[in-house]
Every structure is written in structure tokens, then in C-alpha cells.
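Structure first, commentary second.
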Amino acid sequence: MDTLTHALSGALLARATAPAVPRPDQLSLRLRMTAGFLSAAFPDSDFVLRLVDTLTYLNLHQGVTHSIILLPLWALLLAVLFSFYTQRRYSWHAFFGIVSLGIAIHIIGDLFTAFGTMILAPITSWRVSLPVIFLLDPFFTAIITVGLVAAIFWPKKRYIASAALIILGCYVGLQMMLYQQAIRIGEEYAKDHGLSGATSYALAQPLIPSNWKIIVSHNNSYYETLVSLLSPQSFTSPSLPVDALATIATSYQPVSRAIWKHHLRFGAVPSQETFVHEVWNNAALADFRRFARYPVLDQIEVNNDRVCVWFVDLRFTLPGLAPSFRYGLCRFRISDQWKLERKHGAFFID
């Protein structure tokens with residue numbers, strides 16, 4: 001989830017939990033909402049890991065700064081900083097509660113995305129993910145923004161912020177229902193095609209809540225489809241320009257017209273499978289193997305004497321756009337060592 005949406009959710013929660021009449025030692029409403037806004041943005045400060053390299057960032061992102069174990073420590077540090085900022089007009093105790101809530105709502109928000117959150121870091125790198133919200137969800141952000149704007153215009157009506165949070169919870173609940181429906185579609189596909197032992201996964205997709213990606217994993221194969229769960233017919237609009245946005249909008253079809261793509265992790269050419277498998281297991285690709293959840297061969301690129309083998313993670317592919325986080329190994333001669341390289345995708349974070 002984007003950092004701005006996280007920050008706005010922290011401000012909204014700060015308003016919803018504010019006392020009706022604060023005591024002199026308690027934060028003013030404005031200061032409380034500011035602290036909630038900044039605290040809810042704080043966990044994404046691990047973006048500085050991009051200064052090391054992107055793959056290090058991808059493997060450590062949503063780690064220690066998103067840990068429920070370390071949450072009290074981060075809350076204490078931020079509370080002390082806020083206290084110093086106010087020249088100790090308020091003690092750190094006055095900030096600690098709302099700062100804790102701000103960090104907590106950020107962590108909860110990230111649990112609903114496909115990336116995965118290491119909530120028990122640094123004890124374990126195990127990631128929790130319930131991918132019912134796309135990274136950029138305009139409906140999710142709009143609910144928070146409308147609730148926050150209304151709360152600012154009517155500052156004495158605290159229930160407005162609480163109502164917005166309840167509506168937000170209902171929206172997540174709706175997405176969970178669609179998620180379960182998408183999972184069942186994948187399970188039915190596996191059953192109908194005799195894919196014994198296959199596992200069905202579902203990922204929320206962009207533009208509208210009904211868009212979903214379903215992935216059925218079976219051995220070294222993935223079966224993928226893009227569906228619109230609430231649309232009775234395919235979505236087309238002559239008013240949309242012929243660009244990436246139009247491609248995305250028209251790629252999600254009703255279940256009855258779903259098009260399933262078969263991906264082989266090591267490619268569809270049998271004579272190349274052993275070669276691709278060896279590249280995949282090369283030590284130079286270890287960090288990408290750690291990151292990727294649904295990895296597949298993207299392409300084998302041959303340019304004169306230079307050979308590159310590229311892989312993508314199906315979590316981060318969208319129709320009509322260059323895949324995000326595309327990594328591969330390249331070399332010039334057979335005797336050379338493989339070197340890790342990256343291809344930029346469609347978004348700035350790539």
C-alpha cells in the first residue's frame with residue numbers, strides 16, 4: 001500500500017480515538033492528527049534500503065519497521081522525538097499511544113497486500129499476506145480521504161472518523177469475500193483439469209474491486225487467469241484511449257470467458273529446460289529466489305556473444321505493462337561467471 005494512504009489512515013484513526021475534551025496534558029486535536037499521520041508513514045522509512053540496491057530493499061522491506069515485536073520500541077523513539085519537537089510542552093507519554101496506533105494501522109494495512117509483511121521480525125523472516133487489496137487501491141484511499149476531510153470540516157463530530165473506519169472495514173470484508181470466491185475458481189479449475197495436489201492463489205488487481213488474478217500452482221507450472229468477479233460481461237469502452245490503462249481495463253473477463261495461461265517455471269522449450277534450471281539455481285540469483293513467490297522464465301536474450309536469462313514474479317505482472325522486478329543472469333562467454341542484472345519495469349520503484 002502506498003505511503004500516503006498509510007499516513008492518511010493514521011490521521012483518521014487519530015481523530016476517531018481523540019478524547020472529546022482533551023486535558024491540558026493531552027495533545028490538541030491538530031497535533032494528535034499530525035502525530036498519527038507521521039507515525040503511520042514511519043514504517044516505510046525502510047525505503048532507504050534502496051540506497052543499497054533494489055533487491056536488498058525487496059527482501060528486507062516490510063521487515064523490522066513493520067514488526068509488532070519492535071512496535072513499542074519504534075513508538076517510544078518517535079514519541080520522544082515528537083516531545084522534543086514541541087520543546088517538551090508535552091511529554092513522550094502524551095504521544096506514545098497515538099504513535100503506537102499509527103504504526104499499528106500501517107502494519108495492518110500492509111497485511112492485506114501481496115508483498116507480505118514480516119510481523120515477527122527480527123525473530124523470523126516469515127511473511128504474512130492476505131492479498132485482498134491492490135498496492136494502489138483508489139476506493140480504499142477514497143474512503144479514508146473522504147472520512148478525513150469530513151472530520152476536518154466538522155471537527156466536533158468524532159463519529160464521522162469512526163464511521164469512515166467502519167466503512168473501510170466493510171470494504172476489506174467485501175474484498176475478503178471476493179478473495180475466497182477467486183480461490184474457489186482456481187480450485188475448480190485444478191479439479192476439472194486433473195491437477196492433483198495443486199494450490200490456488202488469488203491476488204487483488206487494479207482499477208476496480210472485482211478484478212482478480214488467479215494462479216494455480218502445480219509442480220513447476222503455473223496456470224494464470226485474469227477475471228472480473230462482479231461483471232456479467234467483458235468490460236469495453238470506446239472512450240478509453242488505446243494505451244496501458246485501456247489494456248488493463250479490458251483484460252479482466254467474466255469467469256465464463258476466462259482465458260487461462262500456462263507458465264512453465266523453466267520455459268516451454270524442452271531442450272532449454274536443463275540450461276534454465278541451472279541458471280535458476282545459480283548462487284548469483286539467490287536473492288531473487290528468496291524474493292520471488294511465483295517465479296517463471298521471462299525470456300532468454302541472445303545478443304551476439306552475450307546471453308541473459310530473465311525471470312519475473314507473477315505477483316508483479318500486469319497486462320500491457322513491462323513486468324516489475326525483473327531479474328536475470330548474464331554472461332558473454334561460457335567460461336565467464338554469471339552476473340546478476342535487472343530490467344526496469346513500468347513503475348518508478350522498479
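Read-outs: derived from the displayed coordinates by stated rules, not from any lab. Computed from a predicted model, the values in this text were never measured in an experiment. Positions of Cβ are generated from backbone atoms using ideal geometry, with glycine treated the same way; all protein chains shown enter the neighbour counts.
A simple count of charges around residue 217, restricted to other residues whose Cβ falls under 11 Å of its Cβ and scoring Lys, Arg +1 and Asp, Glu -1, yields +1. The slack between residue 321 and residue 246, meaning 0.36 nm per residue of separation minus the straight C-alpha distance, is 25.9 nm.
Evaluating kT/(6 pi eta Rh) at 20 °C and 1.002 mPa s, with the Kirkwood radius of the range 30-161 over Cα pairs in the Stokes-Einstein relation, gives 134 µm² s⁻¹.
Report relative contact order for the range 48-167 in percent, whole number only (criteria: Cα-Cα under 8 Å, sequence separation at least 6). Once normalised by length, the contact order is 20 percent. Between residue 346 and residue 283, the contour length at 0.36 nm per residue exceeds the Cα-Cα span by 19.9 nm.
If R0 equals 51 Å, the separation of the Cβ atoms of residue 187 and residue 87 corresponds to a calculated FRET efficiency of about 0.30.
Axis angle, to the nearest 10 degrees, between helix 3-16 and the longest C-alpha principal axis of the chain: 30 degrees. Only the Cβ atoms of Lys and Arg (+1) and of Asp and Glu (-1) were treated as charged; on that basis the dipole of the chain about its Cα centre amounts to roughly 1060 debye. Between residue 141 and residue 153, the simple spin-label model (points 7 angstrom out along Cα→Cβ) gives 2.0 nm.
Cross-link partners among lysines for residue 157, C-alpha distance below 25 Å, same-chain residues fewer than 8 apart left out? Straight-line reach from residue 157, under 25 Å: no lysines qualify. Counting every pair of alpha carbons in the range 42-85, the share spaced more than 14 Å apart comes to 54 percent. With a simple spin-label model that places each label point 7 Å from the Cα along the Cα-to-Cβ direction, the separation between residue 259 and residue 303 comes to 2.9 nm. Rg and Dmax of the chain, both derived from C-alpha coordinates alone, stand at 23.1, 76 Å.
Here residue 261 is the anchor, and the lysines within straight C-alpha reach of less than 24 Å, apart from those fewer than 8 places off in the same chain, are 191, 213, 343. For the chain, 170 stand unpaired, since no other cysteine beta carbon lies under 4.7 Å from theirs.
Where does the chain land at 222 nm, in deg cm²/dmol rounded to the nearest 500, when only DSSP H runs of n ≥ 4 count, each adding -39500 (n - 2.57), divided by all residues?
Details: 10 runs with 144 residues, N = 350.
For the chain, the value works out to -13500 deg cm²/dmol.
Considering every alpha-carbon pair of the range 270-343, the percent of pairs per 5 Å bin, from zero through the bin containing the longest distance, is 3, 16, 28, 26, 16, 8, 2, 0.
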